[in-house]
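This structure is in structure tokens; I'll ask about it shortly.
Every number in this text was worked out from the coordinates using simple rules, so none of it is lab data. Not measured: the values here are computed from a predicted model. Cβ sites come from the backbone with ideal geometry, for glycine too, and all protein chains shown count toward neighbours.
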Amino acid sequence: MALDFSTLRKKMVLGPDHHQFQLIKPVSNSPIGQVWHAYDLSTGEDEDSRDRVALEIVNPNLLKDKQTLEQFKSQVSRASRLDFKHLAKIHGYFQSREGWLFVAMEPISTRSLARILIEDGYKQLSAEKARVILSQVAAAVDYCARHKVSHGDLTPWNVIITHEVGVKMVNVAFRQPLLHALQSSGHRVLNSEYHAPEAFSSAPLPLSTDIFSFACLVYLLFAGRAPFSPEVPQAERNPEDLSPPALFNDEQWQLLLTALSEQPGDRPESAQELLKQLFPPGVALPGDPPKTKSAGPREQKAKPRPEKKAAKTLDSRVEPKRKGGMLIGSLLGASIAFGAGVALGYMLAGNEFRGHEQQLVDQLIKVQSLLDQPPSIESKIALSREFAVLRELSGDQTLLAQIGARVDNYSVRLTRDAINNSPNDADGNNDSALVRRTGEVFKDEIIPGVFGPNMVIVPKGRFQMGDLDRNGDDNELPVHEVSIKRSFALSQKEITFGEYDLFALSTGRPLPNDEGWGRGNRPVVNISWNDANAYAYWIRQQTGQPYRLPSEAEWEYSARAGNSTRFWWGNEVGTNNAACDDCGSGFDGQQTAPTGSFAPNPFGLYDMNGNVYEWVSDCYNESYDQAPTDGSSWDVGLCNYRVMRGGSWYDIPRLIRSASRYRHPPNAVRNTWGFRVALDLDSD
């Protein structure tokens, strides 16, 4: 029986037996298929507890070709591994018993950039607001490129402006084979005016395809129209025939033309780098885009015209509830006063600000656009200057503290990049600049005013992993060399109850038992590997930074801290160096010690030996035969067990050696088990 979209209805259940969804309401319809909001029935017993998702139910006529079907599934699988604050999360593809194939995604209910331009025109969109939008789109494009994923359908319809984070890019990657199938069947491809020439024939698409589409968005926002008409065949489109945006100088226009090149290899490799070259940090923008009251991004007859004076009001349809003197912190709400994109989202949603409030919002956007730039010395100087102006405009100390923390964080990111870009010799030895930065401490903001664990920079290098003096167990053999080729960060101390409790309360998880020893700065215990991994995933989502559990090799490298002895301080356990059974401390064999109770190792890390066992990411293997030698997690083997390292307050000294390793099921808990987190220092 042929599938018919007319048979889909509210409360209908779709999906395989092990993971089903209940349709709530249709959202949109296109030749690709239908989008519905739905409940994920696997996440709760009733509607109040169930997660809401968006389902893209694919037109079955587009999936008749086996190659298209396989490409579609492959693209969904690749896209589902992406996790970035400016990308709508893709959960995967599912097939119902009736035969419907669909993609489950994060639901985004606010307006697309296309709708904003259609409904509000360009009047409210200053050059600074346009740059904020583009900087967040660029960050998402470059994130995808680093993971070897091309969006393939980057148009203003797939750029959503939210109140929470600003830009959310939707429909990443999986529409590529569907659009190709649509065109092959003789149908017109929607929004083709934003597609690169190779998008009409090439599969898979080169990563620079998205650079072309990004350049089209730049042109759209600064020229007031799309660069090409969907009525003009692709073969007849010539970027050289375009009129440059009125606000662009010759240098900017040539940069944009390079990004619009018909040859994928001629385009810039990075959207963020292109944006930085177009609008250098600290250099005033040329002014506002044209105030064209356009019918939207698909009507292209109106010519751009520059404004003589930068706009200071918004094209608003909402009368403000209060007037004058309102602090921006209370205006936006304390909990979201300066989330990335919040000010932009509020303005594009149609909220009006006046007088002093407008100055605050304008200055917020300037600061925010600099914070969204890739870290550079020029941006840091400009950021310091614009933040000083903001301090003069605002008396809201809560807001200033929140933004000040983000400014400090920007400096940390600049330091991280400098470290990762530091040269090293051919043997992989660290240079002096890197060594000097070993042990540097930073932290990332989780929610406004609340920060995650202190993180310590660990340098790249090589070490011998395993039982170096044959004092251990067989699972510590064979000894092998591991090369850590990129510096990373590790939490300075074991994750504490205070840090974990914030996660548990924020996500509705039960609080782990503290055994009556106290919470606060004591290491969290009674934690499974699943719990530890969930915490790392949560902090990754909250910060937009790639937090994770450390690999087993990273853990031992960090514990040894350049030493080949049993413990970082020597071959003898000594007195009061750690918490274990017979370590000579006041906690031996009784309970955990508060984190940081003993001296740190040469990398500046506390409690790597003893106190609590620490979960790492690896599957367990009974020896190091065929173990990775690059420091990566060993994700094959006995994965029904996960590795833990470091020993605990309860264990004898031999078990807290830097080489000692143990394993347990990922769902098991004990009052001797905890964890710490790692962080990649590049922007992935």
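Could you state the per residue volume, in Å³, of the convex hull enclosing the Cα atoms of segment 432-680?
On the way: hull volume 28.6 nm³, N = 249.
Each residue corresponds to 115 Å³ of Cα convex hull volume.
A further question on this structure: SER384 versus ALA235, label points 7 Å from Cα toward the beta carbon: distance in nm?
5.8 nm
Something else now. If R₀ is 45 angstrom, what is the calculated FRET efficiency for the pair SER42 and GLN590, using the beta carbon separation as r and rounding to 0.05? Could you put the intermediate results ahead of the total?
Numbers: r = 43 Å, r/R0 = 0.95.
That gives a FRET efficiency of 0.60.
Measuring from label point to label point, each 7 Å out along Cα→Cβ, what is the GLN95 to LEU393 span in nm?
According to this spin-label approximation, the distance is 5.5 nm.
Neighbour counts of other C-beta atoms within 10 Å: give me TRP517, TRP615, TRP100, TRP36 arranged from fewest to most. Walk me through the intermediate numbers first.
Details: TRP517 18, TRP615 28, TRP100 21, TRP36 24.
Taking fewest neighbouring Cβ atoms as first place, the list is TRP517, TRP100, TRP36, TRP615.
Evaluate the distance, in nm, between pseudo-label points positioned 7 Å from the Cα of HIS18 and of ARG81 along their respective Cα→Cβ axes.
The modelled label-to-label distance comes out at 2.0 nm.
Say R0 is 35 Å: what FRET efficiency, to the nearest 0.05, do LEU242 and LYS64 get from their beta-carbon distance? Spell out each step's value before the answer.
On the way: r = 38 Å, r/R0 = 1.10.
E between LEU242 and LYS64, to the nearest 0.05, is 0.35.
Give me D for segment 207-258 in µm² s⁻¹, whole number, from Stokes-Einstein with Rh from the Kirkwood sum over alpha-carbon pairs, 37 °C and 0.692 mPa s.
Details: Rh = 11.6 Å.
Translational D for this selection: 284 µm²/s.
Starting from 0.36 nm per residue, how many nanometres of slack lie between ARG470 and SER632 once their C-alpha separation is accounted for?
On the way: separation 162, 0.36 × 162 = 58.32 nm, distance 2.45 nm.
Length difference between fully extended and current span is 55.9 nm.
Show me, bin by bin at 5 Å from 0, the whole-percent P(r) of segment 477-519 based on Cα pairs.
Per 5 Å bin, starting at 0, the Cα pair percentages come out as 5, 15, 17, 14, 13, 9, 8, 15, 5.
Run the numbers for GLN254 and ASN563: contour at 0.36 nm per residue of separation, minus the present Cα-Cα distance, in nm.
Details: separation 309, 0.36 × 309 = 111.24 nm, distance 5.42 nm.
Stretched fully, the GLN254-ASN563 segment lengthens by 105.8 nm.
Something else: Rounded, prolate or oblate: pick one for segment 1-107, where a ≥ b ≥ c are the square roots of the eigenvalues of its C-alpha gyration tensor, a/c under 1.5 means rounded, and failing that, prolate if a/b is larger than b/c, else oblate.
Values: a/c = 1.63, a/b = 1.12, b/c = 1.45.
Oblate.
Further question on the same structure: Which of the pairs LYS85/LYS443; LYS168/LYS276; LYS129/LYS493; LYS73/LYS443; LYS10/LYS148; LYS66/LYS89 have their Cα atoms more than 29 Å apart in this structure?
Working: LYS85/LYS443 18 Å; LYS168/LYS276 21 Å; LYS129/LYS493 40 Å; LYS73/LYS443 38 Å; LYS10/LYS148 37 Å; LYS66/LYS89 26 Å.
LYS129/LYS493; LYS73/LYS443; LYS10/LYS148, as the Cα separations exceed 29 Å there.
Give, in nm to one decimal, the length gained when the segment between LYS148 and ILE652 is fully stretched (0.36 nm per residue of separation minus the Cα-Cα distance).
Working: separation 504, 0.36 × 504 = 181.44 nm, distance 4.68 nm.
The span from LYS148 to ILE652 would gain 176.8 nm if fully extended.
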